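Notes follow the structure.
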Protein chains: 2
Amino acid sequence: MNFPKQVKINEVGPRDGLQNEAVMVPAEAKVEWINMLSETGVPYIELSSFVHPDWIPQLKDATEVARHIKRNPAVTYAALVPNRKGLERALEVDVDEICLFLSSSETHNKKNINKSIKDTYPVLQEVSQDAKSAGKKVRGYVSTVFGCPYEGDIPIDNVISVCERLFSMGVDELSIGDTIGVADPAQVENVLIRLFDYFPKEKLAMHFHNTRGTALANVLMALSYGITNFDSSVGGLGGCPYAKGASGNLATDDLLYMLDRMGVRTGIDIDKIIQSSLYIEQYVSNLSSHQMKVINRTR
Amino acid sequence: MNFPKQVKINEVGPRDGLQNEAVMVPAEAKVEWINMLSETGVPYIELSSFVHPDWIPQLKDATEVARHIKRNPAVTYAALVPNRKGLERALEVDVDEICLFLSSSETHNKKNINKSIKDTYPVLQEVSQDAKSAGKKVRGYVSTVFGCPYEGDIPIDNVISVCERLFSMGVDELSIGDTIGVADPAQVENVLIRLFDYFPKEKLAMHFHNTRGTALANVLMALSYGITNFDSSVGGLGGCPYAKGASGNLATDDLLYMLDRMGVRTGIDIDKIIQSSLYIEQYVSNLSSHQMKVINRTR
């Protein structure tokens, strides 16, 4: 089986991880933690979300966090932005990259942001345009691609349509998300084959959740199709909002364990990732990654 | 990627699962549980181990369990046997298949059964011969193939040598074990390519542990090489003896989740497997499978 020699890992723990944890981590701890992550070799950190504080109170300190971290020039610091107001806040603190999000499921999008997919397009169009005018790269998250908690299977044509629209807005890269962690490798293969008919693989990242244990198998399939861009969260931080206590985001340390052993380079030091997992574990409940379980049980 | 249309799953929970749980499950509960497993469609159940009760007290009731289960003619009931005395006990209760075990690591074998690999061969030779004379199929477990807790990496030539010796004794099938759950898919590929130089793939099963989260990715790699025989344990029963609290055996329900969605047939009803996991969970602590975590957190 052929695999890429090198892949890029995007650390989404400070945003996608923390937003799914019940506890509020103090801003100073987030700053300290992101500073640790910045020294692991990870090239990309999504540091927070500039959504309305009522939506995700865990991330209401986005401005404070972005202002106080020590930026490593080798790292891209990104933030999630839902609308123009959020973009203004993100630009005020000069994040490097802007992330948009849209669900490929009508019901999930509605529940998530109280808008139809169609009505979300103009909002994202405006944000994307303004972000590009401000010289920022723009990344789009397409969620529930492999299944929706409300609608079940999502037709691949709906996914393609959402991706086309986002790319047409000037979005530079799309992160294809298994939001509820239901995907299997054969489905990953089928989805990628269809997406490759429309979009260059270099513009696609995969965002897997490990809710049903399949995330690394899905990564393996994506690697065999030449995908070189993956999202993950240190320690598997952030559970599954639809099954509390179950695994959520693919853990950066589990992903690194597999890639390191396979000889796929990431430039990231797994020991430093483990150290940053141990740090944030002081604030959140048990981390779900397999590496953390082995470490916590043997030390 | 090409996969087999159908695979065989061997349920090892009653043996490999329970022997790694701290609690003693009453014999009547084991009987009830194995009877449930017998109706799931699983074709093979390793029901216990006829080792000396001092070695593994959790399985000291092997005879009682084997006597009282209701045998489904569609199921092969196997038992682990370390020596002639164990074989006698297993034959007394007429199990269908005999399982031998041997480590590919000298140190692990010594710690496990207090004998060198070389000194273990005559013991296994005798058991294998007598089992065959009694009309039984014989299965061999080769452990620590992908890494040993004491020796680290095991040279593949040592593994091949152990496998050759076991086949030469008349063993019908070998289960290639990642005993401590360290394997990655590239290693699985490398090991299989070497083993296929010597042995037909139809005689090889894979026995993965999910300690570092890679078991399903390893299964995916093995499937792509045409392996159609996998060991697993319902609910992920049985932790890792080298890291208490960490995952051990690949969970049958996690394996089934992936295979079912990929369209690979097993003949097993996942809902019945979940029911049998919920049954045994009354006696042991939290099961580690991802499916069980989703179920326990959503019900």
| What number of residues within the range B:183-209 are in a loop (DSSP other than H, G, I, E, B) and touching a Cys at 6+ places or on another chain (Cβ under 9 Å)? | 2
| Under the condition of being closer than 25 Å to residue B:140 by Cβ and touching a Phe, Trp or Tyr at 6+ places or on another chain (Cβ under 7 Å), which residue from the range B:15-62 is surrounded by the most Cβ atoms within 10 Å (Cβ to Cβ)? | B:47
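Table: residues versus (1) in contact with a Ser or Thr (Cβ under 8 Å, 6 or more places away or on another chain); (2) more than 27 Å from residue B:187 (Cβ to Cβ); (3) buried (at least 21 other Cβ atoms within 10 Å of the Cβ).
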residue: A:143; (1), (2), (3): yes, yes, yes
residue: A:174; (1), (2), (3): no, yes, yes
residue: A:183; (1), (2), (3): yes, no, yes
residue: A:210; (1), (2), (3): yes, no, yes
| task | Keeping to the range B:148-190, report how many residues are within 17 Å of residue B:206 (Cα to Cα) and more than 14 Å from every other protein chain (Cβ to nearest Cβ). | result | 18
| task | Enumerate the pairs (first residue in the range A:266-292 and away from chain B (no Cβ under 13 Å) and in a helix (DSSP H, G or I); second residue anywhere and surrounded by fewer than 23 Cβ atoms within 10 Å (Cβ to Cβ) and among the β-branched types (Val, Ile, Thr)) with beta-carbon separation below 8 Å, excluding pairs fewer than 6 apart on the same chain, so at least 6 apart or on different chains. | result | A:278/A:295; A:280/A:25
| Any idea which of A:246, A:251, A:222 is touching a Cys at 6+ places or on another chain (Cβ under 6 Å) and crowded, with 21+ Cβ neighbours inside 10 Å? | A:246
| field | Among the residues listed as B:174, B:204, B:237, B:223, the single one being in contact (Cβ under 8 Å) with a residue 12 or more places away in the chain, over 25 Å from residue B:80 (Cβ atoms) and of a type in the set (A, V, I, L, M) | value | B:223
| said: residue B:111 - would you say it is basic (Lys, Arg) and either touching a strand residue (DSSP E or B) at 6+ places or on another chain (Cβ under 7 Å) or farther than 30 Å from residue B:186 by Cβ (or both)? | reply: no
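Yes/no matrix, rows are residues, columns are (1) over 18 Å from residue B:184 (Cβ atoms); (2) touching a Ser or Thr at 6+ places or on another chain (Cβ under 9 Å):
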site	(1), (2)
A:187	yes, no
A:196	yes, no
A:200	yes, no
A:214	no, no
A:223	no, no
A:270	no, yes
A:284	yes, no
A:290	no, yes
A:294	no, yes
| message | Please verify whether residue B:267 is surrounded by fewer than 23 Cβ atoms within 10 Å (Cβ to Cβ), touching a Phe, Trp or Tyr at 6+ places or on another chain (Cβ under 9 Å) and at positive phi, treating the condition exactly as stated. | response | no
| said: Of everything in the range A:213-265, what is at pLDDT 95 or above, within 11 Å of chain B (Cβ to nearest Cβ) and not in a helix (DSSP H, G or I)? Give them in sequence order. | reply: A:213, A:214, A:225, A:250, A:251, A:263, A:264
| task | Kindly establish whether residue A:296 is assigned to a loop (DSSP other than H, G, I, E, B), surrounded by fewer than 24 Cβ atoms within 10 Å (Cβ to Cβ) and within 13 Å of chain B (Cβ to nearest Cβ). | result | no
| field | 1 or more residues more than 17 Å from residue A:237 (Cβ to Cβ): qualifying strands (runs of 3 or more DSSP E) within the range A:1-108 | value | A:8-11, A:76-80, A:97-103
| message | If I ask for residues that are touching a Lys or Arg at 6+ places or on another chain (Cβ under 9 Å) and of a type outside the set (Gly, Ala, Ser), which ones from the range B:6-27 would you list? | response | B:6, B:7, B:10, B:14, B:18, B:24
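The values are calculated or read from the model by the stated rules, or taken from the named source; none is laboratory data. A quick note: this is a predicted structure, and the numbers were derived from the prediction, not measured. Quick reminder, even Gly has a Cβ in these numbers, built from the backbone with ideal geometry, and neighbours come from all protein chains shown.
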